[in-house]
Amino acid sequence: MNRAWWKEAVVYQVYWRSFKDSDGDGMGDLRGVMEKLDYIASLGVDVIWLNPCYTSPDVDNGYDISDYYTIMKKAGTMSDLEALITAAHERGLKLILDLVVNHTSDQHAWFKESRSSRTNEKADWYIWQDGVKGTPPNNWRSYFAPSPWAWDETREQYYFHSFASEQPDLNWEHPAVREAVYSMMRWWANKGIDGFRMDVINLIKKRATYDDVADPLDLSYLGNQPGIHELLQEMHREVLAGTDLFTVGEIPFVGPEDGLLYVGEERNELRTLFHFEVADDMETMDLPRFKQIQKRWYEALYPSGIASQFLNNHDHTRQVTRFGSERYRVESAKLLGLMLHTLPGIPYIYQGEEIGMTGIRFSDPESYRDVAFRNQYAERIAAGESPGTVLSSMQLRARDNSRTPMQWNTGKAAGFTIGTPWMAVNPNYREINVEAAEQDPNSVLAFYRKLIDLRKTHPVMVYGIYRDLAIQDPYLYVYERVLDGVTWRVVLNVHDEPVTTTFGLPEEQLILTNYDTADINRLAPYEARLYQYEMP
Ligand code: BGC
């Protein structure tokens, strides 16, 4: 595999509204990120991914942008962002922004103009279809609503929205739309940002026709459509070619073979991708399936492409709660971290993951702020389901579970704000917080720092070939990475009972573990070991 800085990078995701509030209004902001920049740098990470902070009515927490060239007041000002870019660079950190161009806000000037008549200059910048009010053009669903079609009284037409009705989809068939997006991207690149995390980027190409589908609940008709690669190659030519910009695309509905088409190096599309075979399709840890997914993606991509590794972010509940164990919180947090940093791919850390934060579950539906939750909850109640059933079925996967404020210390609101936090702080902040973790040499935080440091100093973690040694085992995950005669063996007990094993190696070969003692033939619940040996 060709070497490149971005393949060796570790990315830290900052969901700024829940990271640190600098002015006491209860919402995190860019100055708050600045205050904590030294903390981020102290982790050893290379890249910060900042969730959208552009001007937005904030229906979907910034993913509904009304002006790509200005900053949301809640987040701060353009000078705050410029200062953050400079300060990050001074610390050797790169900063990437979210690029949300499948849709805009319905408050964007482009959409206001587009909806004003059927004949204005931007009339075709969005996707409009005739129809009879009350009868949407087809039987599709949107991610956040029962139909992706919303009626507009002025045009007496429907417009298309893959997400909430306040997020109309752009019409990428229109050359002027594409040019507007590309010039905006160039503008940000000139400002000094280091790349883009591209929001649902493979949704930008729509199906050729909007016919009914047999199974509307299988949303795969929304993305990965023929023609998507031509669009991404054009974007590459127009904006990315010849630059060092880092790009990671959010690519739903894609398996490994298609995945290669997005990230194969000779394809000139994206550097790397997030796929959703785990995040969207695996409710809790299903180890045999997880292993198969890793193997299939590795075999399809290596050596010409590289995927990204994540188990949680602002859309997916915290990994300890969903894929590990709250009972073995520290052990499983370390195990999942060790796994993500040693599997093939670029590891992403979602703020708070490095201290083992857990996902909250609110018992009152009103506490959920997320538009996706609220819309889906309302739809199911209206369909006659009981509130208790709906809530309990939605609790584990609710997006707000991972959006609670970062837990800095034991002070008021976990040190996140001196005001009233926009979203409740997880009450476990008294035990789980950065200050406590800094004082404990065995903390999850200390373990993450070691992992990141190992990646910096051991190319085998990045470039080593991958082989699974026990693919059928339901509890043990054992794999090796091999490069230039050096082998790293990872032995994980992804399970809350002890297991016996024949894969242990002598203690001298142990590089990192999450338990004090290592019994060569037995692993404790969620025990994780990393060994190194050299072939003669
Ligand atoms: C973002 C979500 C957002 C959606 C629509 C996603 O994948 O991560 O937070 O709601 O795109 O923009």
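For the reader, a short list of remarks on this structure follows.
- Scanning region 78-103 for residues that are part of a loop (DSSP other than H, G, I, E, B), in contact with a Leu (Cβ under 8 Å, 6 or more places away or on another chain) and either surrounded by 15 or more Cβ atoms within 10 Å (Cβ to Cβ) or β-branched (Val, Ile, Thr) (or both) yields 93, 101, 102.
- Exclusive hit being aliphatic (A, V, I, L, M), in contact with a Phe, Trp or Tyr (Cβ under 9 Å, 6 or more places away or on another chain) and either open to solvent by 10 Å² or more (accessible area, probe 1.4 Å) or at pLDDT below 95 (or both), set 34, 27: 27
- Matching residues, region 394-408, being open to solvent by less than 10 Å² (accessible area, probe 1.4 Å) and within 16 Å of the ligand (Cβ to nearest atom): 398, 400, 401, 402, 403, 404
- Residue count, region 48-61 (criterion: within 13 Å of the ligand (Cβ to nearest atom), in a loop (DSSP other than H, G, I, E, B) and either in contact with a Phe, Trp or Tyr (Cβ under 7 Å, 6 or more places away or on another chain) or not assigned by TED's automatic domain parsing to the domain that holds residue 86 (or both)): 3
- Top-ranked residue of region 121-162 - restricted to ones that are hydrophobic (A, V, I, L, M, F, W, C) and touching a Lys or Arg at 6+ places or on another chain (Cβ under 8 Å), ranked as most open to solvent (accessible area, probe 1.4 Å): 151
- Candidate set from region 312-340 (those that are assigned to a loop (DSSP other than H, G, I, E, B) and open to solvent by 10 Å² or more (accessible area, probe 1.4 Å)); member that is nearest to the ligand (Cβ to nearest atom): 315
- Count of region 237-254 residues, restricted to those that are open to solvent by less than 40 Å² (accessible area, probe 1.4 Å) and away from the ligand (no atom under 16 Å from the Cβ), is 4.
- Condition met for residue 189 (closer than 24 Å to residue 71 by Cβ, at pLDDT 95 or above and not assigned by TED's automatic domain parsing to the domain that holds residue 78): no
- Subset of region 341-364 (residues that are part of a loop (DSSP other than H, G, I, E, B) and over 21 Å from residue 434 (Cα atoms)): 343, 344, 345, 361, 362, 363, 364
- Looking across region 163-187, just one residue is within 30 Å of residue 91 (Cβ to Cβ) and buried (at least 19 other Cβ atoms within 10 Å of the Cβ), and that is 185.
- Close pairs from region 50-64: first closer than 13 Å to residue 197 by Cβ and small (Gly, Ala, Ser), partner assigned to a loop (DSSP other than H, G, I, E, B) and within 12 Å of the ligand (Cβ to nearest atom), Cβ under 7 Å, at least 6 apart: 62/51; 62/52; 62/56
The values are calculated or read from the model by the stated rules, or taken from the named source; none is laboratory data. All values reported here derive from a predicted model rather than from experimental measurement. Neighbour counts run over all protein chains shown; Cβ positions are idealised from the backbone, glycine included. We work out accessible area using only protein heavy atoms, side chains counted, and drop any ligands, DNA or RNA first. Shrake-Rupley method; radii C 1.70, N 1.55, O 1.52, S 1.80 Å.
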